[in-house]
Amino acid sequence: MNIKKAEFVVSNTDPGKCPGDGRPEYAFIGRSNVGKSSLINMLTGRKGLALTSSTPGKTQLINHFLINDEWYLVDLPGYGYARRGKSGREKIREIIGAYLDEREALTNLFVLLDCRLEPQKIDLEFIDQLGENGIPFAIIFTKIDKISQSKLKENVDNYKARLLETWEELPPVFCTSAEHKKGKDEILDYIEKINKKL
Ligand code: GTP
Ligand code: MG
């Protein structure tokens, strides 16, 4: 799929105020600083579309971007940012929770994981909750330019083995680098296939 048009539509904290046109949406979630906003920019080929930062906690709102006038990409705030403090973390958790609970247009959630890290408790718990709530998702390992191919394979295999301890089947898995523009076609094709079935 080619992205011919990508435009920012609206930011807010209330899922009830997100676009109500029923177009399918694909959201990006994961820990603060994992690379959600950078990935959205890479996928759309528009550098400053989603705001990024080297310090965690940049995205604080639910951001809708309309793609090719047909579907939305959604940039969500990251979870688990320690320096936000307990009440700040709680607030973000509520926004994310409300979005996941209420958003009927949510077609697929992409859960982003830093490819350099061992499986983290916070991510595993989040993924398990998706299963309990029946939210369709895929996994994206980010920042693959930061490690060797062999280390990446080792980490991804390790992660899959960990997931298979609680999951019967693995979700789709993608590997990306916003820096080296890797993984773009695979993710856009995946979205296109789902859109065609709707
Ligand atoms: P929050 O909005 O704070 O939750 O963060 P985020 O997940 O949106 O992360 P963001 O896209 O702002 O990126 C965080 C940092 O990681 C920035 O300094 C990015 O330049 C860097 N980064 C993101 N993706 C990649 C990547 O694929 N490779 C490398 N080397 N750096 C990346
Ligand atoms: Mg962000």
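Of note:
- Computed over the chain, the P(r) curve from all C-alpha pair distances, binned at 5 Å from the origin, holds 1, 7, 16, 21, 22, 18, 10, 4, 0 percent per bin.
- Cross-link pairs Lys17/Lys47; Lys36/Lys197; Lys36/Lys143 - those with Cα-Cα distance over 18 Å: Lys17/Lys47; Lys36/Lys197
- The stretch 6-197 - percent of accessible surface contributed by carbon and sulfur, probe 1.4 Å: 46 percent
- Extending 7 Å from the Cα toward the beta-carbon at both Leu164 and Leu117 defines two label points whose distance is 2.4 nm.
- In straight-distance terms, cross-link reach from Lys151 covers every one of the aspartates and glutamates whose alpha-carbon lies under 14 Å from its own, apart from those fewer than eight places away in the same chain; here that gives Asp114, Glu118.
- Residue-normalised accessible area of the chain, expressed per residue, 1.4 Å probe, Å²: 53 Å²
- Averaging the sequence gap over all C-alpha pairs within less than 8 Å and six or more residues apart, then dividing by the number of residues, gives the chain a relative contact order of 23 percent.
The values are calculated or read from the model by the stated rules, or taken from the named source; none is laboratory data. None of the values given here were measured: they were computed from a predicted structure. Positions of Cβ are backbone-derived with ideal geometry, glycine not excepted, and every protein chain shown enters the neighbour counts. Note: accessible area is taken over every heavy atom of the protein model, side chains too, but ligands, DNA and RNA are not part of it. Shrake-Rupley method; radii C 1.70, N 1.55, O 1.52, S 1.80 Å.
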